[in-house]
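One structure below.
The values are calculated or read from the model by the stated rules, or taken from the named source; none is laboratory data. This one's a predicted model, so the numbers in the text were calculated from it and none came from an experiment. So basically every Cβ, Gly included, is an ideal-geometry build from the backbone, and we count neighbours across all protein chains shown.
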Ligand SMILES: NC(=O)c1ccc[n+]([C@@H]2O[C@H](COP(=O)([O-])OP(=O)(O)OC[C@H]3O[C@@H](n4cnc5c(N)ncnc54)[C@H](OP(=O)(O)O)[C@@H]3O)[C@@H](O)[C@H]2O)c1
């Protein structure tokens, strides 16, 4: 069986496969809820980390400000997948919002890792989310997993997040970092926000449109998380992005083509900055051209490597 077929069959229950115990923080979010479904569909036990005392069997209580509430609930996990964090695209970046974005990533991850140190049998693997924002605004430089981080608020957030997760190397057998591009789903996220504007024929490139826009379908993101959970040889950073880096202008025209709508209303950078402030530069105008080579080397095969097929599948 080739590895793509292997990945697909791994999403179904298998008689001969050991049932994994996997805890997931942020399990109610876009990625977390899809990952939870995929793990349960193939027969694994999913223990959501809930931001309160655990009330039901199988929940693990945690407080992002202080870590696990009752650490014993997290004994003997095969993997802890850490996705939680204040949504970055939801609301204006006030000082308080930026503080929540930052504190819910690096510092919250540090507290979680400190709790893992108290366990007799800590998770075999910590799989922690991060983001392409790690690289800041990098023009057309091809960014590999070992490329240096960039400048800016999101780069600082991601650097602190990854460093805090990396400290779990002293506790877990391995730590894998999933640096996500923008996750494409009709259920929400960035594409969910763009769709109404594009459907009205009011979509267009952002700024010059020359900035690289890293993307991955939700289905491929979930499959990549499954690989990072399952493959004991994976560790360190992986870029969860499609195989085809595209610019914002290319993304915009492909989205218009798939939706059968014109994309002739550009959003000038100055207008975006007026409306969104600093978040415009960090989220919409920054350029990040990511290589996904390490994930491919680990045997991953995208179901949607190219943008056109990805958008047709997500929106079809
Ligand atoms: N979606 C993307 O395009 C994308 C791209 C790059 C990186 N990422 C990162 O990948 C992770 C998962 O993405 P997602 O799209 O699933 O995110 P999401 O839909 O915003 O979900 C994040 C989850 O984190 C928890 N959460 C919310 N506010 C929090 C806070 N202040 N402190 C601690 N936890 C909080 C919530 O889960 P509970 O209520 O269950 O605790 C929430 O459902 C996020 O950290 C995100 O930054 C996502």
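Regarding residue 163, is this residue more than 19 Å from the chain's Cα centre (by Cα) and away from the ligand (no atom under 15 Å from the Cβ)? Here the answer is no, as residue 163 does not meet what is asked. Could you tell me whether residue 34 is within 9 Å of the ligand (Cβ to nearest atom), on the phi < 0 side of the Ramachandran plot and surrounded by fewer than 16 Cβ atoms within 10 Å (Cβ to Cβ)? Against the criterion (within 9 Å of the ligand (Cβ to nearest atom), on the phi < 0 side of the Ramachandran plot and surrounded by fewer than 16 Cβ atoms within 10 Å (Cβ to Cβ)), residue 34 does not qualify. So, residue 142, is that one surrounded by 17 or more Cβ atoms within 10 Å (Cβ to Cβ) and either away from the ligand (no atom under 13 Å from the Cβ) or under 23 Å from residue 236 (Cβ atoms) (or both) or not? No.
The rows are residues; the columns are (1) in contact (Cβ under 8 Å) with a residue 60 or more places away in the chain; (2) surrounded by fewer than 17 Cβ atoms within 10 Å (Cβ to Cβ); (3) in a helix (DSSP H, G or I).
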site: 154; (1), (2), (3): yes, no, yes
site: 168; (1), (2), (3): no, no, yes
site: 176; (1), (2), (3): yes, no, no
site: 208; (1), (2), (3): yes, yes, no
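Which one is nearest to the ligand (Cβ to nearest atom), of the residues in the stretch 180-199 that are part of a loop (DSSP other than H, G, I, E, B) and farther than 14 Å from residue 258 by Cα? By that ranking, first place goes to 181. Filtered by the rule that a residue be within 14 Å of the ligand (Cβ to nearest atom) and either over 19 Å from residue 21 (Cβ atoms) or more than 17 Å from the chain's Cα centre (by Cα) (or both), the stretch 114-133 gives 129, 130, 131, 132, 133. Pairs meeting the criteria (first residue in the stretch 126-146 and on the phi > 0 side of the Ramachandran plot, second residue within 16 Å of the ligand (Cβ to nearest atom) and assigned to a loop (DSSP other than H, G, I, E, B), beta carbons under 8 Å, at least 6 apart or on different chains) are 136/149; 136/150; 136/152; 136/286; 136/288; 139/287.
Within the stretch 269-301, the set of residues being in contact with a strand residue (DSSP E or B) (Cβ under 8 Å, 6 or more places away or on another chain), surrounded by 18 or more Cβ atoms within 10 Å (Cβ to Cβ) and closer than 14 Å to residue 244 by Cα comprises 288, 289, 290, 292, 295. A residue that is near the ligand (Cβ under 10 Å from one of its atoms), closer than 15 Å to residue 229 by Cα, buried (at least 17 other Cβ atoms within 10 Å of the Cβ) and at pLDDT 95 or above occurs somewhere in the stretch 17-25. Looking only at the stretch 79-113, residues that are in a loop (DSSP other than H, G, I, E, B), within 10 Å of the ligand (Cβ to nearest atom) and surrounded by fewer than 18 Cβ atoms within 10 Å (Cβ to Cβ) come to 3 in all.
Being more than 10 Å from the ligand (Cβ to nearest atom), at pLDDT below 95, surrounded by fewer than 18 Cβ atoms within 10 Å (Cβ to Cβ) and part of a loop (DSSP other than H, G, I, E, B) is a description that does not apply to residue 76.
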